[in-house]
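The values are calculated or read from the model by the stated rules, or taken from the named source; none is laboratory data. Source: prediction; values computed, not measured. Please note: Cβ atoms are built from the backbone with ideal geometry, for glycine as well, and neighbour counts cover all protein chains shown.
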Amino acid sequence: MTKTSGGRGRLKRVLIIFSVVVGVLVAAVGGGFAWLWTGADVNTVGKEPFTNRLAVPPLAESTVEKDGTRVFDLRMQAGEKEFKSGRKTPTWGFNGDYLGPTLRAERGEKVKVRIANGLDEASTVHWHGMHLPAAMDGGPHQMVGPGGKWAPRWKIDQPASTLWYHPHPHGQTEQHVQRGLAGMFLLDDEKSAALDLPDAYGVNDVPVIVQDVTFDGAKFDHGHDFLRNTGFLGDRTMVNGTLNPYQEVGDELVRLRLLNASTARVYDFGFSDDRDFALIGTDGGLLEKPAAMDRVQLSPGERAEIVVRMKPGEKTVLRSFPQDNYGGAWQTRFSGGADSFDVLELRAKQSLRDSPELPVQLGELEVPDGSESAKERFFGLKMSGINERPMDMDRIDEVVTRGTTETWTVRNDDGMPHNFHVHDVQFRVLEVNGEQPPPELRGAKDTVFVPGATTVKLAMRFDGPADPDTPYMYHCHLLSHEDGGMMGQFVVVEKGQKAGKPTGSGGAHDHH
Ligand SMILES: [Cu+2]
């Protein structure tokens, strides 16, 4: 009896201890979850003292060869920059300590860029949004070794637009871009030059390269936080490498060329007072007509040109607002969708120069409408790979016939945000989930946001030269996803021609 009652007592004690342990665990998990959840959003609204004048990347110098080729020089180099005064951050840059100069060329011009790699690692320089031969594209097959050189050349054959350049070494793109390798490449053409648009570079036509960043003392902290499978999400933003930036405005109308050069973060740009602005251009150039908007969403790699009207003496802040289209509360929270940032303050002078009204008609879209599509392809986006296949440098995934139009359907069932970028072409977004796309997706695009549970349908035309041995890339532009294998390769061939074998795979090849 004593034994039994003693056994019961012990059982009771065990049960009590067990339930206490379970209770503590539940509380810990719940508390931990609540802590993670509430700690997951970042908000810098109202917390940015706009104390630093916005740096404007210099226009790259160039020379013109006898045959008319415009020649630029870009050198990748290591350095350090004082983002915060007195604190030297180790950085990489083109021709300088961080980011690179703005290259500028006209439609019809031949260009050559002499790349020198002054780093102790191999890298590449990719011309994002540029229509050019595959061997000049600067993808992972055009590696430039440490101390190496590469001089791609091509003819500009596309409308005026805001493009950019950045490294594309397979598996290391996130790191190389985060350290500071990125710059703008602006294209001009006769039609756009004839339009009454603000076009004084750095004055009323301002490059706005937005990156999110986290500092650990003087150094960058590029760590991915727990549960952030989107990639790196910084705790503040900078523009053109300037923290807490302001831009003085001396004209009634100011044009901002917005580039999301962040590695994983999606922004929904608008202004602190919710004022309207005119969207005039997307990735691949000017829209047909300006569109009045109060928000424009940009995922990594995307661009938008907007024109904002200012009144004398007033201030407004370019802000990124919370977003609700990430495909679920969890993903919204942990992929940065709940975050807000004060990005750039615009300060109007007491007296402003008059600006002409915006033209009613802007550009002509040169992207196909899908009616002549010769082929349809499907791309399923998953973290583990596109169409269930992780990137393989030696495998050609798709073979495209030169001179044809295709329709590409891209679907994200992955439960986390992705986007989709195609090299060499600009495309038209025909549909988003079966419906007409919003205004910011109605122009020429080379990158499109594809959040969870979303299908986009794209039409593109492949006009470039055939090269069965040198692939172009298509990939998620959330850079850690791309590095992790969310990338595939296509070649453009003549009708009836077969794909060859990729050359220059990996390694540090020099192309002189
Ligand atoms: Cu992705």
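Taken over region 454-499, the criterion of being within 16 Å of the ligand (Cβ to nearest atom), without any contact (Cβ under 8 Å) to a residue 60 or more places away in the chain and surrounded by 23 or more Cβ atoms within 10 Å (Cβ to Cβ) is satisfied by Val456 alone.
What residue, of Gly202, Gly231, Gly241, Gly217, is of a type outside the set (Ser, Thr, Tyr), touching an Asp or Glu at 6+ places or on another chain (Cβ under 8 Å) and on the phi > 0 side of the Ramachandran plot? Only one candidate qualifies: Gly231.
Out of curiosity, is Gly250 in the same structural domain as Gln331 (by TED's automatic domain parsing) and either within 16 Å of the ligand (Cβ to nearest atom) or not in a strand (DSSP E or B) (or both)?
The answer is no for Gly250.
Please indicate, with yes or no, whether at least one residue in region 336-345 is within 16 Å of the ligand (Cβ to nearest atom), touching a residue at least 40 places away in the same chain (Cβ under 8 Å) and closer than 22 Å to Asn412 by Cα. The answer is yes, given that some residue of region 336-345 is within 16 Å of the ligand (Cβ to nearest atom), touching a residue at least 40 places away in the same chain (Cβ under 8 Å) and closer than 22 Å to Asn412 by Cα. Strands (runs of 3 or more DSSP E) fully within region 96-187 that include at least 1 residues being over 18 Å from Glu65 (Cβ atoms): 110-117, 126-128, 161-166. Restricting attention to region 389-407, the residues that are within 16 Å of the ligand (Cβ to nearest atom) and outside any loop (DSSP other than H, G, I, E, B) total 1.
Filtering Leu381, Leu346, Leu352, Leu362 for residues that are in contact with a strand residue (DSSP E or B) (Cβ under 8 Å, 6 or more places away or on another chain) and either assigned to a loop (DSSP other than H, G, I, E, B) or of a type in the set (S, T, N, Q) (or both) leaves a single hit, Leu362.
Please pick out the residue among Ser123, Ser85 that is at pLDDT below 95 and among the hydroxyl-bearing types (Ser, Thr, Tyr). Talk me through it step by step, then tell me what you get.
On the way: Ser123 fails: at pLDDT below 95.
The match here is Ser85.
Answer with yes or no whether Ile386 is away from the ligand (no atom under 16 Å from the Cβ), buried (at least 19 other Cβ atoms within 10 Å of the Cβ) and in the same structural domain as Met486 (by TED's automatic domain parsing).
The answer is no for Ile386.
When region 418-453 is limited to residues that are of a type in the set (A, V, I, L, M) and within 16 Å of the ligand (Cβ to nearest atom), the one that is surrounded by the most Cβ atoms within 10 Å (Cβ to Cβ) turns out to be Val448. Considered as a group, the residues in region 319-360 that are closer than 19 Å to Met293 by Cβ and among the aliphatic types (A, V, I, L, M) include one that is surrounded by the most Cβ atoms within 10 Å (Cβ to Cβ), and that residue is Leu344.
Name the strands (runs of 3 or more DSSP E) wholly inside region 411-512 in which the number of residues that are under 19 Å from Lys375 (Cα atoms) and of a type in the set (A, V, I, L, M) is 2 or more. Give the derivation first.
On the way: elements: 418-422, 427-432, 447-450, 454-462, 472-475, 487-493.
In region 411-512, the matching strands (runs of 3 or more DSSP E) lie at 427-432, 454-462, 487-493.
Taking the criterion of being free of Cβ contacts under 8 Å to residues at least 12 places away in the same chain and more than 16 Å from the ligand (Cβ to nearest atom), would at least one residue in region 201-218 satisfy it? So far as region 201-218 goes, yes, one or more of its residues are free of Cβ contacts under 8 Å to residues at least 12 places away in the same chain and more than 16 Å from the ligand (Cβ to nearest atom). Here is a check on your reading of the model: is Val410 touching a Ser or Thr at 6+ places or on another chain (Cβ under 9 Å), within 16 Å of the ligand (Cβ to nearest atom) and within 20 Å of Glu366 (Cα to Cα)? So Val410 fails the test.
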